[in-house]
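Asker: One structure follows; several queries about it will come next.
The values are calculated or read from the model by the stated rules, or taken from the named source; none is laboratory data. Predicted, not measured: the structure shown is a model, and the values here were computed from it. No Cβ is skipped: glycine too gets one built from the backbone with ideal geometry, and neighbour counts run over all protein chains shown. Surface areas here come from the heavy atoms of the whole protein model, side chains and all, with no ligands, DNA or RNA. Shrake-Rupley method; radii C 1.70, N 1.55, O 1.52, S 1.80 Å.
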Amino acid sequence: MAVLWSASVKTLARHDSRTPDVEIRMTTRHDFSENLMSLQSHILLEEAKHPRASGDFTWIVSAISLAAKSIANQVRRARLSGSIGQFGETNVQGEEQQKLDVIANEAIMRCLGTRASVAVLASEEDDEPTILRKGSEGGKYCVLFDPLDGSSNLDTGVGVGTIFSILRNDPNIPDAQTTVCQPGSKQVAAGYILYGSSTIFVLTTDSGVALFELDPYIGSFLLVKDNLRIPTANKVYSVNEAYASSFPQGYQNYLAWAHQNGYSSRYIGSMVADVHRILLTGGVFMYPPTKKNPEGKLRYLYEASPMAFIIERAGGLAYSGAIPTLEHLPQRVHERVPVLMGSRDEVTKVREFLR
Ligand code: P6P
């Protein structure tokens, strides 16, 4: 709201002889176009666009938002609270669990586990999905997530993130593994929270990509940008070139071309941070097949699929091998796929070398 204040001696003297020394003339012009919009308000507005919406979905995003604030607090004071370092166990991926992996996983489980609209929860940190409700017990949605992606970077202060994917539940499917193994095109919504220099919440439903920033003083994620669009091109690639010698030849040929054509390399080793930079400034992110990970390292259901959903809803492209990432049909919860995503022109250029 903009209020235009102007003061001059004459006007007040005409209206009120008791205070002739100062005159204030207010001309107030309200500007409602820039109202504060919280994540809660945004999802309620989205819900209002769907007359048959029951509000279940809104509750899920609200629960994720609550968990994200808790995780952000834990990440930002990890050293003070002794939460840095390894938990002392390995997860189903065979990776050393960080203490904050477990803390973040518990925070999301606690916040989502009480939502009646959730049937199944699947986490990178858990061997099997958690079934909360079966068949007639209700639960319209499945929520899959990587609670703290890039957590091995925590002790060096690098941005880490939570990635989530929301799928519809099919109560007729008795097996949770089968229920969650859906192609990314079936997602109802996807998003991530980046715990970086600020806490950023990126969400996409069926109408574009919205970016929110946590205002720690009021404890709300506030809308910063709606209908976010990824730049169509930018000469930046993001890949771990240390493995380049074991990439399929097409990727090696692309990198050789990029080295000769003015490209910059930007790689943090934390997918949410790397892809967020590309969403905002353009470029291409890739994790090709390697000798160590012949299928690629990144997991489909809670890393590649939700991030691809966001990139594509922002006007970019995402491929896993020869097919669009969102068309891949996973067979296992923790299945890995190659990842290539980013600006339309940049992904197209890489794919020219992969043919
Ligand atoms: P590398 C983090 O461990 C992660 O899962 C992603 O966030 C990141 O993109 C990738 O692995 C980094 O893997 O092999 O380059 O260290």
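Asker: Of all residues in the range 50-94, how many are free of Cβ contacts under 8 Å to residues at least 24 places away in the same chain and either in contact with a helix residue (DSSP H, G or I) (Cβ under 7 Å, 6 or more places away or on another chain) or closer than 23 Å to GLY157 by Cβ (or both)?
Answerer: 14
Asker: Which one is surrounded by the most Cβ atoms within 10 Å (Cβ to Cβ) among residues in the range 142-184 that are hydroxyl-bearing (Ser, Thr, Tyr) and touching a helix residue (DSSP H, G or I) at 6+ places or on another chain (Cβ under 8 Å)?
Answerer: Here the residue is SER165.
Asker: Can you say whether SER270 is within 12 Å of the ligand (Cβ to nearest atom) and farther than 27 Å from LEU194 by Cα, as far as the supplied structure shows?
Answerer: Judged against the criteria, SER270 is not a match.
Asker: Considering GLN249, GLN331, GLN260, which residue is away from the ligand (no atom under 13 Å from the Cβ), out of contact with any Pro (no Cβ under 9 Å at 6 or more places or on another chain), touching a residue at least 12 places away in the same chain (Cβ under 8 Å) and not assigned by TED's automatic domain parsing to the domain that holds VAL120?
Answerer: GLN331
Asker: Can I ask one more? Read through the list (1) at pLDDT below 85; (2) farther than 22 Å from ASP155 by Cα; (3) among the polar types (S, T, N, Q), then give the number of the only condition that SER117 fails.
Answerer: (1) is the only condition that SER117 fails.
Asker: Is it true that SER165 is within 16 Å of the ligand (Cβ to nearest atom), at pLDDT below 85 and closer than 27 Å to SER70 by Cβ?
Answerer: The answer is no for SER165.
Asker: Considering each of ALA244, ALA256 in turn, give the residue that is in a helix (DSSP H, G or I), open to solvent by less than 40 Å² (accessible area, probe 1.4 Å) and farther than 24 Å from SER165 by Cβ.
Answerer: The unique qualifying residue is ALA244.
Asker: Continuing with this model, one more query. Quick one: which of TYR217, TYR195, TYR243, TYR237 is modelled with pLDDT under 95 and not small (Gly, Ala, Ser)?
Answerer: Only one candidate passes the filter, namely TYR217.
Asker: Is it the case that GLY296 is within 14 Å of the ligand (Cβ to nearest atom) and not assigned by TED's automatic domain parsing to the domain that holds PRO183?
Answerer: Taking the combined requirement at face value, the residue satisfies it.
Asker: So, one more: On the basis of being open to solvent by 40 Å² or more (accessible area, probe 1.4 Å), of a type outside the set (Ser, Thr, Tyr) and either closer than 23 Å to LEU148 by Cα or assigned by TED's automatic domain parsing to the domain that holds LEU45 (or both), does LYS291 make the cut?
Answerer: No, not satisfied.
Asker: Condition test on LEU280, is it in a helix (DSSP H, G or I) and either modelled with pLDDT of 95 or more or within 14 Å of the ligand (Cβ to nearest atom) (or both)?
Answerer: yes
Asker: I need the helices (runs of 4 or more DSSP H) fully contained in the range 30-114, keeping only those with at least 3 residues that are within 18 Å of VAL143 (Cα to Cα) and open to solvent by 10 Å² or more (accessible area, probe 1.4 Å).
Answerer: 56-76, 99-113
Asker: Identify, please: which residue in the range 217-241 is open to solvent by 60 Å² or more (accessible area, probe 1.4 Å), touching a residue at least 12 places away in the same chain (Cβ under 8 Å) and part of a loop (DSSP other than H, G, I, E, B) and is, among those, farthest from GLY321 (Cα to Cα)?
Answerer: ASN227
Asker: Continuing with the same structure: Out of LYS134, LYS99, LYS140, which single residue is farther than 17 Å from THR199 by Cα, of a type in the set (Lys, Arg) and within 16 Å of the ligand (Cβ to nearest atom)?
Answerer: Result: LYS99 is the single residue among LYS134, LYS99, LYS140 that is farther than 17 Å from THR199 by Cα, of a type in the set (Lys, Arg) and within 16 Å of the ligand (Cβ to nearest atom).
Asker: Quick one: is GLY315 in contact (Cβ under 8 Å) with a residue 24 or more places away in the chain, among the small types (Gly, Ala, Ser), part of a loop (DSSP other than H, G, I, E, B) and open to solvent by 10 Å² or more (accessible area, probe 1.4 Å)?
Answerer: Yes, satisfied.
Asker: May I ask you to list pairs of residues, at least six apart or on different chains, whose Cβ atoms are under 8 Å apart, with the first in the range 124-150 being modelled with pLDDT of 90 or more and the second being basic (Lys, Arg)?
Answerer: GLU124/ARG299; LYS140/ARG168; TYR141/ARG168; CYS142/ARG168; ASP146/ARG299
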